[in-house]
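Worksheet: the structure to be examined is printed underneath.
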Amino acid sequence: MMTAVVLIAAVVTALVAASLVRTAAQREARLALGRQADVVASLLDAGRPQNREVGLRALRSQATPVAWVLPNGRVRGDLVPRVMIADRVDELLDGRSLAFDARFRGAQVFVEARPLADGSAIVLSRFATSAIGATQALLTRELIALAVGLLVAILAAAALARWLARPLLTTAAAAGRLAAGEREVRLAPEGPREVAQVAASVNALAAALQSSEARQREFLLSVSHELRTPLTAIRGFAESLADQMVHEPAETEAVGRTMLAESQRLERLVGDLLDLARLGADDFRLDLIDLDLRELLVGAATVWRARCEAVGVAFAVELPATAVLVHADPARVRQVVDGLAENALRVTPAGRPLVLALDVDRASGEAVVAVRDGGPGLTPADQLVAFERSALYERYRGVRKVGTGLGLALVKALTERHAGRVAVGDAPEGGARFEVRLPLLTRPSPG
């Protein structure tokens with residue numbers, strides 16, 4: 001490609017140069033003929049009549065056809081100038097100097113005519129091709145120089161192409177290794193800056209893939225562990241029942257409650273996994289309507305007040321006096337609220353508060369749903385990773401009560417699908433404050 005570009009540039013340069021040289025040569029030949037006509041006319045006016053034939057012969061020897069216009073209008077001399085001046089004799093006899101181009105048998109001819117003092121006139125002519133022929137040697141030398149430059153440019157282009165292609169081929173090979181599953185691929189930046197940036201991007205991609213796949217492996221390991229725990233419990237109790245190891249009604253009831261709790265835990269885990277998978281799909285659909293968040297939280301508060309009272313947690317709800325409208329999917333927003341409340345209730349000890357609050361941030365044009373608890377709270381480091389899958393689960397497994405490790409990640413994903421955002425901080429009740437911000441409805445509600 002580089003060679004083709006160089007070749008095209010050389011050809012265009014040669015054509016332009018030849019045209020410019022040809023035009024300049026013709027212009028110079030025309031001017032030279034005009035100067036020559038002026039000099040000849042001056043010499044003839046100052047010379048003797050017998051010297052005129054000598055002057056005419058001298059001009060002819062210089063490949064300059066000459067004609068003589070007598071005072072009576074007759075034209076003598078060479079054929080070309082005689083033909084060229086035939087229609088303009090009267091102008092010459094009137095004392096006008098003439099300079100024009102004409103064509104003779106298809107060839108361009110320069111013509112210069114000057115009146116003389118005795119009433120006659122001298123006519124000089126020259127073919128344009130004679131001017132081009134005079135520059136042929138110059139054009140030949142220029143073409144030779146251009147050919148040498150073209151050869152050097154082709155060699156330089158080949159070297160440059162190899163210099164550019166080598167790191168690109170290395171990068172392509174590295175990309176193939178990445179596609180084949182190798183994740184330890186790293187490239188040394190080389191070549192021009194743009195090519196080095198490609199290598200740096202491949203390195204960043206390899207590092208991101210390695211980190212992502214490591215997180216996926218850890219996630220799958222933790223999920224498989226969580227799936228195995230309730231399945232093992234259910235299987236063990238089911239085997240006890242099958243082997244008739246449980247006889248008393250009280251024991252049967254206890255086994256049933258345990259199996260029910262473990263199956264519910266398993267169901268929640270599978271449900272969260274499915275929801276997260278569906279959120280990443282292009283066909284995930286939200287049934288958006290104009291929704292009053294105040295009304296939705298009133299319904300949620302009824303459920304969570306009963307659940308909090310059952311375990312001795314002090315439940316409170318803070319709602320504005322008027323409706324708070326957003327454009328959202330009510331089932332998914334309720335899923336977000338329930339997920340935050342479930343997470344808060346799990347870590348809140350008996351006697352401590354759990355608050356469900358709704359507010360409006362007029363400055364940002366957002367509705368703010370907050371869940372605050374009086375639990376152990378989160379450290380600044382915890383808050384940075386709170387919405388990452390299984391991040392808090394891995395930190396606090398065995399230390400405090402934990403869920404599936406997917407609930408907060410699901411809350412974040414659902415909120416973002418509603419063009420909202422999530423945040424976490426410290427609650428005035430001493431625990432953690434999780435809040436969800438959704439854009440307020442800016443258009444009037446239908447009806």
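The values are calculated or read from the model by the stated rules, or taken from the named source; none is laboratory data. Just so we're clear, the structure is a prediction, and the values are computed from it rather than from any experiment. A quick note on method: Cβ atoms are made from the backbone with ideal geometry, for glycine too, and the neighbour counts reach across all protein chains shown. Heads up: the accessible areas ignore ligands, DNA and RNA and are worked out on the full protein's heavy atoms, side chains in. Shrake-Rupley method; radii C 1.70, N 1.55, O 1.52, S 1.80 Å.
Could you give me the residue pairs with C-beta distances under 7 Å whose first residue belongs to region 187-200 and is under 13 Å from Arg166 (Cβ atoms), whose second residue is in a loop (DSSP other than H, G, I, E, B) and open to solvent by 80 Å² or more (accessible area, probe 1.4 Å) wherever it lies, and which are 6+ apart or on separate chains?
Partner pairs satisfying both residue conditions: Ala196/Pro189; Ala199/Pro189.
For region 291-337, which residues satisfy the criterion of being in a strand (DSSP E or B) and either in contact with a Pro (Cβ under 7 Å, 6 or more places away or on another chain) or free of Cβ contacts under 8 Å to residues at least 24 places away in the same chain (or both)? It would help to see each step written out before you state the result.
Taking region 291-337 as the starting set, the residues that turn out to be in a strand (DSSP E or B) are 291-292, 314-318, 325-328.
Those that are in a strand (DSSP E or B) and either in contact with a Pro (Cβ under 7 Å, 6 or more places away or on another chain) or free of Cβ contacts under 8 Å to residues at least 24 places away in the same chain (or both): Leu291, Ala314, Ala316, Val326.
Output the residues belonging to region 10-32 that are under 47 Å from the mean Cα position of the chain (by Cα) and surrounded by 13 or more Cβ atoms within 10 Å (Cβ to Cβ).
Scanning region 10-32 gives Ala10, Thr13, Ala14, Ala17, Ala18, Val21.
Among the numbered criteria (1) crowded, with 17+ Cβ neighbours inside 10 Å; (2) modelled with pLDDT of 85 or more; (3) on the phi > 0 side of the Ramachandran plot, which one does Gly191 miss?
Going through the list (1) crowded, with 17+ Cβ neighbours inside 10 Å; (2) modelled with pLDDT of 85 or more; (3) on the phi > 0 side of the Ramachandran plot, Gly191 breaks only (2).
Taking region 56-83 only, how many residues are at pLDDT 85 or above, buried (at least 19 other Cβ atoms within 10 Å of the Cβ) and of a type in the set (Gly, Ala, Ser)?
1
If I ask for residues that are part of a loop (DSSP other than H, G, I, E, B), under 21 Å from Leu164 (Cα atoms) and open to solvent by 40 Å² or more (accessible area, probe 1.4 Å), which ones from region 174-186 would you list? Break it down stepwise before answering.
So the first thing to find is which residues in region 174-186 are part of a loop (DSSP other than H, G, I, E, B), and the list is 180-186.
Adding the requirement that they be under 21 Å from Leu164 (Cα atoms) leaves 185-186.
Correct list: Arg186 only.
What are the residues in region 85-102 that are under 19 Å from Asp38 (Cα atoms), open to solvent by less than 60 Å² (accessible area, probe 1.4 Å) and either out of contact with any Gly (no Cβ under 7 Å at 6 or more places or on another chain) or assigned to a strand (DSSP E or B) (or both), if any?
Ile85, Glu91, Leu92, Gly95, Leu98, Phe100
Condition first: hydroxyl-bearing (Ser, Thr, Tyr) and open to solvent by 40 Å² or more (accessible area, probe 1.4 Å). Now tell me which residues in region 320-372 satisfy that.
Filtering region 320-372 for residues hydroxyl-bearing (Ser, Thr, Tyr) gives 322, 348, 364.
Residues satisfying the conditions are Thr322, Ser364.
Restricting attention to region 194-241, which residues are at pLDDT below 70 and touching an Asp or Glu at 6+ places or on another chain (Cβ under 6 Å)?
Within region 194-241, Pro230 is the sole residue that qualifies.
Within region 109-153, count every residue that is hydroxyl-bearing (Ser, Thr, Tyr) and either more than 30 Å from Val69 (Cα to Cα) or modelled with pLDDT under 80 (or both).
Residues in region 109-153 being hydroxyl-bearing (Ser, Thr, Tyr) and either more than 30 Å from Val69 (Cα to Cα) or modelled with pLDDT under 80 (or both): 4 in total.
Ala117 is checked against (1) open to solvent by less than 70 Å² (accessible area, probe 1.4 Å); (2) part of a loop (DSSP other than H, G, I, E, B) and fails just one. What number does that condition carry?
With respect to (1) open to solvent by less than 70 Å² (accessible area, probe 1.4 Å); (2) part of a loop (DSSP other than H, G, I, E, B), Ala117 is out only on (1).
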